[in-house]
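Below you'll find the structure, written out as C-alpha cells, and then a few comments.
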There are 2 protein chains.
Amino acid sequence: MNERDALRALAADLPHAGDDAAVVDGTVITTDMLHERTDFPAGTTRYTAGWRAVGASLSDVAAMGATARAAVAVYADEAFDRDELTRFVAGAVDVCEAVDAEYVGGDLDEHVEFTTATTAVGGITDAGAVTRDGARPGDALCVTGEWGRSAAALRIFKNDGEGETERANELFRFTPRVADGLALASHATAMMDSSDGLARSCHQLAEASEVGIEIERDAVPVHPAVEGVAEGSTERFELAAHFGEDFELVCAVPEAEVDTVEESCPAGLTRIGTVVKEPEEGGSRVLADGEPLPDRGFTHGDG
Amino acid sequence: MNERDALRALAADLPHAGDDAAVVDGTVITTDMLHERTDFPAGTTRYTAGWRAVGASLSDVAAMGATARAAVAVYADEAFDRDELTRFVAGAVDVCEAVDAEYVGGDLDEHVEFTTATTAVGGITDAGAVTRDGARPGDALCVTGEWGRSAAALRIFKNDGEGETERANELFRFTPRVADGLALASHATAMMDSSDGLARSCHQLAEASEVGIEIERDAVPVHPAVEGVAEGSTERFELAAHFGEDFELVCAVPEAEVDTVEESCPAGLTRIGTVVKEPEEGGSRVLADGEPLPDRGFTHGDG
C-alpha cells in the first residue's frame with residue numbers, strides 16, 4: 001500500500017482526515033513529518049529545516065482559513081549538536097513569527113536519520129473553517145503566490161558547486177500563507193494547500209467537491225527562480241505544476257468576489273481557471289488548456 | 001551532547017520548554033516521538049503502539065492539570081500495511097476515548113524505521129496550569145497509581161517464549177492520568193509525569209522548585225506485575241523507581257489537602273515522602289530512607 005492509498009484508508013476511519021487539518025471545538029490541529037533522505041537535500045541548513053518543517057504545518061493551518069496560534073516540533077537525530085539544534089529552533093521561531101504564531105518547543109529523540117515531526121495549532125475565525133469540498137461550478141479557481149520555488153531550489157541544491165546553496169536555502173524558506181488564508185476564509189468555497197503540487201491539488205479539490213476544474217497553463221504564476229533552472233515552457237510548467245512542496249494555497253472563489261479578495265492577499269492571488277460541472281464517468285476531472293492534466297505529483301510512496 | 005543536555009540547551013532558548021507541555025492562551029500542547037528500536041520491543045502490537053504513543057502525549061497534558069481535548073499522530077514505516085495501520089489508529093482512538101479526548105488523525109511518512117510522533121492538545125481549567133516549580137517545604141510528595149508496570153512489561157517481552165506477550169501488551173497500555181491530574185490541579189503545588197522514572201522525576205521536580213525531597217522506599221506503590229519478574233526488594237525498587245516510562249504523576253500537595261484529593265484520584269494517590277528545604281551546596285537533592293537517591297533513569301542519550 002503506498003502513502004496515498006494508506007491516507008485514503010485512514011480517511012475512511014476518521015471523519016476529519018480528508019482535510020489539511022483537523023478541527024476540534026474551533027481549534028485546528030495538523031501534524032507532519034519530514035526527514036533528511038526525502039525532504040532535506042544536501043546543503044539544507046538546520047535553520048532552513050526548522051523553518052520549512054514548522055512552516056509545512058503552519059501552511060496546513062493557513063489552508064483551513066484559520067489563525068496560526070502555536071507550533072511544536074520533535075527534533076530527532078543520531079546525535080545532538082548544540083549549534084545545529086540552536087539553528088533549527090531559530091528557524092522554527094522565525095517562521096512562527098512570520099505568521100504571528102508562537103514556537104513553544106517540543107521534544108528530542110535519538111534516531112537513525114535526521115527527522116522532524118511538527119505540529120501546528122490554530123483557531124477558526126467567525127468565517128468558519130474552509131474545507132476542500134465546497135467548490136461550485138462557476139467559481140474561479142485561484143492560487144496564491146508563485147509556483148515552482150521548491151523545484152527550483154532542489155535543482156540548485158543538486159547542482160551545488162555553483163555556490164548558490166544559500167540561494168536554494170532562501171527559496172526553501174517559504175512564508176506560510178496564513179494571512180492569505182484568513183483573507184480568503186470568508187470568500188473561498190473550498191481551499192487547500194499545495195503540498196503535493198498544483199496538478200494533484202486540483203484533482204484532490206475537484207474530487208472532494210465533486211466538480212471538474214479547467215485551468216489555463218499560461219495563467220499559472222511561475223516563480224522567477226524557475227526560469228534559471230528550466231528550459232522551455234513545458235519544463236517550466238512541469239516544475240510549477242507537478243513538483244509540489246510549494247505550500248501555496250489553491251482555492252475556489254465565487255467569480256464576483258475574486259477582485260475584492262485579491263486585494264487582501266499579501267502573496268497575491270491569481271485566477272488560473274474555472275470550476276466546472278463534474279465530468280461524465282471516465283472523463284478527466286482536471287483539464288489544462290482543454291487536455292487532461294495528469295493526477296501526478298510528488299508522493300513519498302511512489303517516487 | 002546527550003539528550004538531557006540538549007533538552008537543557010533548548011530550555012535556555014524557550015521559556016516554556018522546562019515543563020511537560022507548553023501553554024499558549026489556555027491551550028496546552030505537547031509532542032513526543034517514539035520508535036521501534038528504543039520504544040517498542042518485539043511483541044508490541046501496533047494497537048499497543050498507537051495506544052502507548054498517543055498516551056505518552058496525553059500523559060503530559062495530564063501532568064499540567066489540564067483537560068485532554070485532542071491528539072494527532074504521524075505514523076511512519078518502511079511500508080504501509082493496512083491492518084497494522086488500522087490497529088494503530090484503533091489504539092490511538094481508544095486511549096483518547098479513555099480520557100475523553102478525540103483522536104483526529106495525522107500524517108503518514110515513509111521511514112527506515114517504524115516511528116511515530118504524537119501531539120496532544122488540552123485546555124487549562126480555572127485551577128490554572130500546574131508546573132514543576134511550585135513545591136514548598138512541608139508539602140507531601142505524592143504519586144498516582146502503581147510503579148514498575150513498564151519495566152515488568154519489558155521483561156516479559158524479552159522472555160517472550162512463555163506466551164505472555166499479550167500480558168506485556170496489556171501492561172504497556174496505561175491509562176493517562178488526566179482525571180487524576182484534573183483532581184490534583186487545584187491542590188498540587190507542583191506536578192509532572194514520570195516518563196523518566198520516579199527517581200529522576202523527583203530530582204527534576206526538586207530542582208525546578210529549588211527544594212529537597214525525602215522519600216521512603218517502602219512507601220512507593222509497586223505494581224503487582226513487578227513481583228513476578230523481580231527478585232527481592234532491591235530489584236523491585238530498581239524497577240519501580242528507576243526504569244521509568246510508567247506515565248504516572250508525581251506531585252507535591254499541601255499536607256492538609258492530601259486526604260481530600262486522594263479520594264478524587266481514580267488511579268489512587270499515595271504519599272511517599274515530604275518536600276524539604278533545598279540542601280546545602282553538595283548535598284543530595286533527593287533522599288530515600290535517608291540515603292542519596294541517584295538521579296538515574298532511562299535516558300535515550302546515555303543508555
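Residue check: is A:D139 modelled with pLDDT of 95 or more and either within 10 Å of chain B (Cβ to nearest Cβ) or more than 17 Å from the chain's Cα centre (by Cα) (or both)? Let's see the steps before the verdict.
Working: modelled with pLDDT of 95 or more: yes; either within 10 Å of chain B (Cβ to nearest Cβ) or more than 17 Å from the chain's Cα centre (by Cα) (or both): yes.
Against the criterion (modelled with pLDDT of 95 or more and either within 10 Å of chain B (Cβ to nearest Cβ) or more than 17 Å from the chain's Cα centre (by Cα) (or both)), A:D139 qualifies.
In the range A:24-67, which residues are away from chain B (no Cβ under 11 Å) and over 28 Å from A:E164 (Cβ atoms)?
Within the range A:24-67, A:V61, A:A62, A:A63, A:M64, A:G65, A:A66 meet the criteria.
For (1) over 15 Å from the mean Cα position of the chain (by Cα); (2) in a helix (DSSP H, G or I); (3) under 25 Å from B:P292 (Cβ atoms); (4) of a type in the set (K, R), each residue gets a yes or a no:
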site	(1), (2), (3), (4)
B:V143	no, no, yes, no
B:R155	yes, yes, no, yes
B:L184	yes, yes, no, no
B:R200	no, yes, yes, yes
B:A208	yes, yes, yes, no
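Return the residues of the range B:55-88 that are more than 21 Å from B:I29 (Cβ to Cβ) and either open to solvent by less than 10 Å² (accessible area, probe 1.4 Å) or outside any helix (DSSP H, G or I) (or both); say none if nothing qualifies.
B:D77, B:E78, B:A79, B:F80, B:D81, B:L85, B:F88
Could you tell me how many of the residues in the range A:270-300 are among the hydrophobic types (A, V, I, L, M, F, W, C), under 17 Å from A:D193 (Cα atoms) and not in a strand (DSSP E or B)?
Final tally of qualifying residues: 1.
Which members of the range A:164-178 meet the condition of being closer than 12 Å to A:G145 by Cβ and of a type outside the set (A, V, I, L, M, F, W, C)?
Result: A:T175, A:P176, A:R177.
Examine the range B:241-258 for a residue that is outside any strand (DSSP E or B), without any contact (Cβ under 8 Å) to a residue 60 or more places away in the chain, open to solvent by 30 Å² or more (accessible area, probe 1.4 Å) and on the phi > 0 side of the Ramachandran plot, and state whether such a residue exists.
Initially, the range B:241-258 is screened for residues outside any strand (DSSP E or B), giving B:241-248, B:254-258.
Of the ones still in play, those that are also without any contact (Cβ under 8 Å) to a residue 60 or more places away in the chain are B:242, B:256.
From the residues that got through so far, the ones that are open to solvent by 30 Å² or more (accessible area, probe 1.4 Å) too are B:256.
Now restrict to residues that are on the phi > 0 side of the Ramachandran plot: none.
Checked the range B:241-258: no residue is outside any strand (DSSP E or B), without any contact (Cβ under 8 Å) to a residue 60 or more places away in the chain, open to solvent by 30 Å² or more (accessible area, probe 1.4 Å) and on the phi > 0 side of the Ramachandran plot.
Considering only the range A:221-241, I want to know if a residue exists there that is in contact with a helix residue (DSSP H, G or I) (Cβ under 9 Å, 6 or more places away or on another chain), modelled with pLDDT of 95 or more and hydroxyl-bearing (S, T, Y).
No, the range A:221-241 contains no residue that is in contact with a helix residue (DSSP H, G or I) (Cβ under 9 Å, 6 or more places away or on another chain), modelled with pLDDT of 95 or more and hydroxyl-bearing (S, T, Y).
Can you give me the number of residues within the range A:140-164 that are open to solvent by 30 Å² or more (accessible area, probe 1.4 Å) and touching a helix residue (DSSP H, G or I) at 6+ places or on another chain (Cβ under 7 Å)?
Of the residues in that region, 3 qualify.
Which residues, taken from the range A:19-44, are in a loop (DSSP other than H, G, I, E, B), surrounded by fewer than 19 Cβ atoms within 10 Å (Cβ to Cβ) and touching a residue at least 40 places away in the same chain (Cβ under 8 Å)?
Our first condition is that a residue be in a loop (DSSP other than H, G, I, E, B); within the range A:19-44, this holds for A:19-21, A:25-26, A:40-44.
In the following step, the residues that additionally are surrounded by fewer than 19 Cβ atoms within 10 Å (Cβ to Cβ) were identified as A:25-26, A:41-43.
Within the range A:19-44, A:G26, A:P41, A:A42, A:G43 qualify.
Condition first: hydrophobic (A, V, I, L, M, F, W, C), open to solvent by 20 Å² or more (accessible area, probe 1.4 Å), more than 16 Å from B:R52 (Cα to Cα) and within 12 Å of chain A (Cβ to nearest Cβ). Now tell me which residues in the range B:91-132 satisfy that.
Correct list: B:V112 only.
With in a helix (DSSP H, G or I) and farther than 24 Å from B:G122 by Cβ as the only criterion, which of A:R136, A:R52, A:R132 stands out? Talk me through it step by step, then tell me what you get.
On the way: A:R136 fails: in a helix (DSSP H, G or I); A:R132 fails: in a helix (DSSP H, G or I).
Exactly one residue qualifies, and that residue is A:R52.
The values are calculated or read from the model by the stated rules, or taken from the named source; none is laboratory data. All figures in this text were calculated on a predicted structure; none of them were measured in a lab. All Cβ positions, even for glycine, are placed from backbone atoms using ideal geometry, and neighbour counts span all protein chains on display. Accessible surface areas use protein heavy atoms only, side chains included; no ligands, DNA or RNA. Shrake-Rupley method; radii C 1.70, N 1.55, O 1.52, S 1.80 Å.
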